[in-house]
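Accompanying notes for the structure given below.
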Amino acid sequence: MRHRCAAALSIFALALMAPPVVLDAQDSGTTVIQNATILTVTNGTIEKGTIVIRNGKIAGVGRNLPVPAGAKVIDATGQYVMPGLIDCHSHIAADSINEGSVNVSSMVGIEDVLDPDDVNIYRDLAGGLTTANVLHGSANPIGGKNQVIKLRWGKDAKGLVFEGAMPGIKFALGENPKRQATGGGTGFGQQQPAQYPATRMGVMDVIREAFTEAREYRQKWQQYTQDRAGGKNPIPPRRDLKIEPLVEVLEGKRLVHAHCYRADEILQLIRLAEEFGFKIATFQHVLEGYKVAKEIAAHGAGGSTFSDWWAYKVEAADAIPYNAALMTDKGVVVSINSDSAEEARHLNQEAAKTMKWGGLSETDALKLVTLNPAKQLGIDRRVGSIEEGKDADLAIYDTHPLSVYSVVQKTIIDGEVYFDREKDVARRAEIDAEKKKLIEKEKGPARPAGRGPGRPAGRPAATEVTP
């Protein structure tokens, strides 16, 4: 019995090992990708092109580039290389998402709960994703601070952080932040008072009140700094870790990513932001963005939306698959996001839908999941296109990435291969073989047909059929 339990546990352990195949990342050095069709996003398509990667950066891109001595060569004949996919709205790699106990939770941050062991990091790597904006949830009007990560599978939590990425914070409008506030019964036939805010206008008031406090807090610190510069010895104001991120928003040092659906609420938040002198970086989901695209563009905000999600909640009733294309036509910087660990595995195909629903060009469709989200996150100098000097974050496909038949072969971050389909398949075959050996060992030696332990000779086995 002890041996059987041990064998069963071993089989179970192997089964758990199967999805996340850990691959040893290459040492930093020089790597050359040859003979590929390169989709640069910013400088057209290069047939039979070469990418030279040195110390994690793109050192050269073009045709007939020389291969440095000692470089590792990846032959991508017949394959396509594009910038690694970027997801502007993700919730992977986080131990918790919502701090919904308060209306303003700007003192909390995703960086404190990053989970490097989340298998979705590896699975999304297998779909070509290299960067994700991990957001706080939408339980409150002003949520927690976000964290932009690179999907460096195998690193610790600190190793996931996208160094130098612009900090941000999550806002939320509409059903989500007011949904938790609907009063519940007391059990005595009475209704509990609703927690504020219980309405859409209350959500907006919470945000306005918070920024009123932030403006006053900033004035106190400005006065303190001025007094010290004038030779005085004032007592510094009391620090408020909830308000300080909002002061950073007022000063343009922190980006606002606002969950929203309806056109009226989008306009409300634009007016509020302009009243206090700050800008919304992205409207997230923004399914009615096509109705107010001119206003979004005039404000300078981006739109991070779904490809064709519709009618999954009341607020999504007016969603249309033309949303991304219509906002793009009006001058909005648009991205397609996932909000889903599964959806993030095929963002390239989600972007391709805009070529049918809106007539976007191939390049504009690719921008929706590469350069545009990079712009929205303030990291476009580093990632989002294949250009000399940028981070070597790349995805290699067996066919054109906007095809439904495309499959990622390799995903590269900072010049290191973090996903390799060939090695993945080989490792899975090894695991299957090991499982098979353990199962055979558990069965033991074969017994004569019709005989089993404890059954007298001549008595038919349960599976035998007698006339």
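Structure summary
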read-out: Nearby lysines by direct alpha-carbon distance to residue 232 (threshold 19 angstrom, same-chain neighbours under 8 apart not counted); value: 220
read-out: For peptides 284-296, 247-259, sequence by mean Cβ density within 10 Å, most packed first; value: 284-296, 247-259
read-out: Cα-centred dipole magnitude for the chain, charges only on beta-carbon of K, R (+1) and D, E (-1), debye, nearest 20; value: 1000 debye
read-out: Shape call, the range 240-360: gyration tensor on alpha carbons, a/c limit 1.5; value: prolate
read-out: Farthest toward positive dipole pole in the chain [+1 Lys/Arg, -1 Asp/Glu at C-beta], among 169, 34, 361; value: 34
read-out: Fully extended contour minus Cα-Cα distance, from residue 107 to residue 233, at 0.36 nm per residue; value: 42.5 nm
read-out: Two-decimal Rg/Rh across the chain, once Rg and the Kirkwood Rh are taken from alpha-carbon atoms; value: 1.09
read-out: Karplus-derived HN-Hα couplings along the range 220-226 (A = 6.51, B = -1.76, C = 1.60, θ = phi - 60°), whole Hz, x at Gly and Pro; value: 4, 6, 5, 5, 4, 5, 5
read-out: Distant-in-sequence amide H partners of residue 409 (H built 1.01 Å from N, under 5 Å); value: 396, 397, 398
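Computed from the coordinates by the stated procedures, all read-outs in this text should not be read as laboratory data. From a predicted model like this one, the values you see are computed outputs, not experimental measurements. Note that each Cβ is placed from the backbone with ideal geometry, even for glycine, and that neighbours are counted across all protein chains shown.
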